[in-house]
Amino acid sequence: MKALVTYFSAGGATERVGNAIAKAIGADIFEIRPVEPYTKADLNYLNPMSRCNREKIGKKDVPINGRVENIGEYDAVFVGFPIWYGGAPNVVKTFLKGYDLSGKKVVVFATSAASPLGKSAEKLAPFVPGAEIPYAKRVKSPDEAADWAKGLKL
């Protein structure tokens, strides 16, 4: 089984978790980066006019910097993100819409200090038609994530 770990990280926690998962299972890794990086002000969800709020409310696509050219080679694609508004940030949805992942296993992992995973995986299903989402987990640390990923039956 060949796996790819993709992740979007706003503050570094999801990056650390993604790297730990990739190392634990011997996967390739790809950082989902918006063309226009987020600033601290962009991420201030308390400001109704901040970029993260405008994107979420407007259901806007967020242009991605870079592309996975060989996505067809992977059997499993891990997708990681910080939980925003009870789900994945729009940049993750834009990323997923750019690929045909049908027939693949999409494994969702999320980070958050307080927000539960909730229906994050179910909310991503429309963006990965034909793919299976067999596992989804909110993880609290890189070690927890690595142990979890090693135990998955993919």
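The values are calculated or read from the model by the stated rules, or taken from the named source; none is laboratory data. Since we're looking at a predicted model, the values are computed, not measured. Neighbour counts run over all protein chains shown; Cβ positions are idealised from the backbone, glycine included.
The table below gives the values:
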| read-out | value |
| --- | --- |
| Complete set of residues in the stretch 81-134 that are crowded, with 19+ Cβ neighbours inside 10 Å, charged (D, E, K, R) and farther than 22 Å from R67 by Cα | none |
| Test: residue in the stretch 79-96 that is more than 26 Å from K140 (Cα to Cα) and part of a loop (DSSP other than H, G, I, E, B) | no |
| Hits in the stretch 1-41 - residues which are crowded, with 18+ Cβ neighbours inside 10 Å, without any contact (Cβ under 8 Å) to a residue 40 or more places away in the chain and part of a loop (DSSP other than H, G, I, E, B) | Y38 |
| Of all residues in the stretch 65-90 being within 18 Å of K119 (Cα to Cα) and at pLDDT 95 or above, the one that is farthest from the chain's Cα centre (by Cα) | F78 |
| Residue ID - farthest from R51 (Cα to Cα), chosen from residues in the stretch 101-115 that are in a loop (DSSP other than H, G, I, E, B) and in contact (Cβ under 8 Å) with a residue 24 or more places away in the chain | G103 |
